[in-house]
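Scroll down for the structure; my scribbles are underneath it.
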Amino acid sequence: MAKALKVGFVGTGGIAQAHLAAWNKCADAKVVALCDINPKALAASAEKWCVAPENLFSDYRKMLDSVELDIIDVCTPNSWHAKPTIAALKAGANVIVEKPVATSAREVEQMIAAGQEAGKLLMVAQVMRYSTEGQLCKHWVKQGLVGDIYWGRAEYLRRRGVPAWGAFTDAAASAGGPCYDIGVHVLDMALHLMDFPEPATVSAGTYLKLANKPSLMKHKIKRYTVPEDFAVALVRFADGRTLSLGASWALNTPQEINQVMVCGTKGGVTLWPPTLTTEQNGVLTNAGSQVSQFDGADGFYNECSAFAAAVKAGGPSPVPGEQALITQRILDGVYKSGEKQREVKV
């Protein structure tokens, strides 16, 4: 029987619980060490996931020095992704890090370089790719049913959905608002379907109009220090393609929207529900899936098991840092364009 990969965590709150549950289902991996600066969160996770007391740490550097680990799963707030990721790669571990991969393209470049120098894998946890819908739509695109994609739309718009928990609204911890929290999900998915074209320019508007005022939402207004509650952007790619992006935590819209759509020369796909639009026998037709090999997908388990398989095989990374770098360059461009109120080069 193959030896189980030893997994350690940096950050055990929030999204880490979904990752921990996923790793717990992986037959070829075992969570053996945890690190968190919050002693209560650390103790609760250790008890829930049966991690030995001697493998609990408040400093990730001590964990890396004390425990031999194959994989580090980084689930800290956005601003604290880069340092533990780079340290873990340099220490000889492979790393899966939560989205957004970092808070600047420069940080992502440093993370990629650390992995290359160490000969270790870096994966970004873009769980939407591993959903039933994400896998099915990518399958349609790979089969050539959409043709050459020339436009994409990625929107994640909440009407009144500012997070009232965690550090999402704290600029020191999160750096960005809905763009980093939910926009990155649909942006990555659209880019994934478009095979990550090279971005050229971004023209964006970023707004803070509702989340900094009393409302139906439960978040602390005085603690809202991220730059936006809504952002909209047009991305132009070097090959002439375009992508529309929208992300909001608070917006006066009649309905919430969570959708990814790409359109090509032969057809188009939308993610929810997964729909393939093509012209067949003189009729424009929407086709859905009744039964597929992707049904019932557990996104978090799928991404963790894919990373474990990649580590055992020696690569490649299922969601490499190079792809995340393109996503981050676009997000950097959104914030820069919104601040300068003009189109910017990416």
- Query: Which members of the stretch 153-197 meet the condition of being of a type in the set (Gly, Ala, Ser) and closer than 14 Å to SER244 by Cα?
  - Reply: ALA154, GLY183, ALA190
- Say we look at the stretch 214-238 and pick out the residues that are charged (D, E, K, R) and outside any loop (DSSP other than H, G, I, E, B); which of these is surrounded by the most Cβ atoms within 10 Å (Cβ to Cβ)? ARG236
- Item | Residue within the stretch 1-15 that is surrounded by fewer than 21 Cβ atoms within 10 Å (Cβ to Cβ) and assigned to a helix (DSSP H, G or I) present | no
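For (1) over 26 Å from ASN302 (Cβ atoms); (2) under 15 Å from the mean Cα position of the chain (by Cα); (3) not polar (S, T, N, Q), each residue gets a yes or a no:
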site	(1), (2), (3)
LEU20	no, no, yes
ASP28	no, no, yes
LEU34	no, no, yes
LEU42	yes, no, yes
ILE96	no, yes, yes
ARG106	yes, no, yes
- Item | Pair list, Cβ < 9 Å and 6+ apart or interchain, from the stretch 304-317 residues that are loosely packed, with under 14 Cβ neighbours inside 10 Å to residues that are assigned to a helix (DSSP H, G or I) and of a type outside the set (Phe, Trp, Tyr) | PRO316/ALA310
- Message: Can you tell me which of (1) of a type in the set (A, V, I, L, M); (2) farther than 28 Å from PRO199 by Cα; (3) surrounded by fewer than 22 Cβ atoms within 10 Å (Cβ to Cβ) is the one ALA114 doesn't meet?
- Response: (2)
- Filter the stretch 117-151 down to residues that are assigned to a strand (DSSP E or B) and surrounded by fewer than 23 Cβ atoms within 10 Å (Cβ to Cβ), then give me how many there are. 3
- Selection from the stretch 152-176 of residues touching a helix residue (DSSP H, G or I) at 6+ places or on another chain (Cβ under 9 Å) and either over 22 Å from GLY13 (Cβ atoms) or not in a loop (DSSP other than H, G, I, E, B) (or both) yields GLY152, ARG153, ALA154, GLU155, TYR156, LEU157, ALA171, ALA172, ALA173, SER174
- Query: Of all the residues that make up the stretch 177-213, how many are within 20 Å of ARG159 (Cβ to Cβ) and part of a loop (DSSP other than H, G, I, E, B)?
  - Reply: 7
- Task: Check TRP249 against each of (1) surrounded by 18 or more Cβ atoms within 10 Å (Cβ to Cβ); (2) under 18 Å from ILE330 (Cα atoms) and name the one condition it does not meet.
- Result: (2)
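Every residue, every condition in (1) in the same structural domain as GLU339 (by TED's automatic domain parsing); (2) over 22 Å from TRP272 (Cβ atoms); (3) aromatic (Phe, Trp, Tyr), yes or no:
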{"site": "TYR207", "(1), (2), (3)": "yes, yes, yes"}
{"site": "LEU210", "(1), (2), (3)": "yes, yes, no"}
{"site": "LEU216", "(1), (2), (3)": "yes, yes, no"}
{"site": "LYS220", "(1), (2), (3)": "yes, yes, no"}
{"site": "GLU228", "(1), (2), (3)": "yes, yes, no"}
{"site": "SER244", "(1), (2), (3)": "yes, no, no"}
{"site": "ALA250", "(1), (2), (3)": "yes, no, no"}
{"site": "MET261", "(1), (2), (3)": "yes, no, no"}
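Residues checked against (1) out of contact with any Pro (no Cβ under 6 Å at 6 or more places or on another chain); (2) β-branched (Val, Ile, Thr); (3) assigned by TED's automatic domain parsing to the domain that holds PHE230; (4) surrounded by 24 or more Cβ atoms within 10 Å (Cβ to Cβ):
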site: ALA88; (1), (2), (3), (4): yes, no, no, yes
site: PRO100; (1), (2), (3), (4): yes, no, no, yes
site: ARG153; (1), (2), (3), (4): yes, no, yes, no
site: TYR156; (1), (2), (3), (4): yes, no, yes, yes
- Query: Which one of these does SER337 not meet: (1) among the hydroxyl-bearing types (Ser, Thr, Tyr); (2) within 18 Å of the chain's Cα centre (by Cα); (3) in a helix (DSSP H, G or I)?
  - Reply: (2)
- Task: Residue by residue through the stretch 306-334, note down the ones that are closer than 12 Å to MET123 by Cβ, within 17 Å of the chain's Cα centre (by Cα), of a type outside the set (Phe, Trp, Tyr) and assigned to a helix (DSSP H, G or I).
- Result: ALA306, GLY321, GLU322, GLN323, ALA324
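Given the condition touching a residue at least 40 places away in the same chain (Cβ under 8 Å), in contact with a Gly (Cβ under 7 Å, 6 or more places away or on another chain), more than 12 Å from ILE330 (Cβ to Cβ) and of a type in the set (Val, Ile, Thr), answer yes or no: does some residue in the stretch 175-182 qualify?
Narrowing the stretch 175-182 to residues touching a residue at least 40 places away in the same chain (Cβ under 8 Å): 175-182.
Subset that is in contact with a Gly (Cβ under 7 Å, 6 or more places away or on another chain): none.
Scanning the stretch 175-182, I find no residue that is touching a residue at least 40 places away in the same chain (Cβ under 8 Å), in contact with a Gly (Cβ under 7 Å, 6 or more places away or on another chain), more than 12 Å from ILE330 (Cβ to Cβ) and of a type in the set (Val, Ile, Thr), so the answer is no.
The values are calculated or read from the model by the stated rules, or taken from the named source; none is laboratory data. The shown structure was predicted, so the numbers you read here are calculated from the model rather than taken from an experiment. Heads up, the Cβs are rebuilt from the backbone with ideal geometry, glycines too, and the neighbour counts pull from every protein chain shown.
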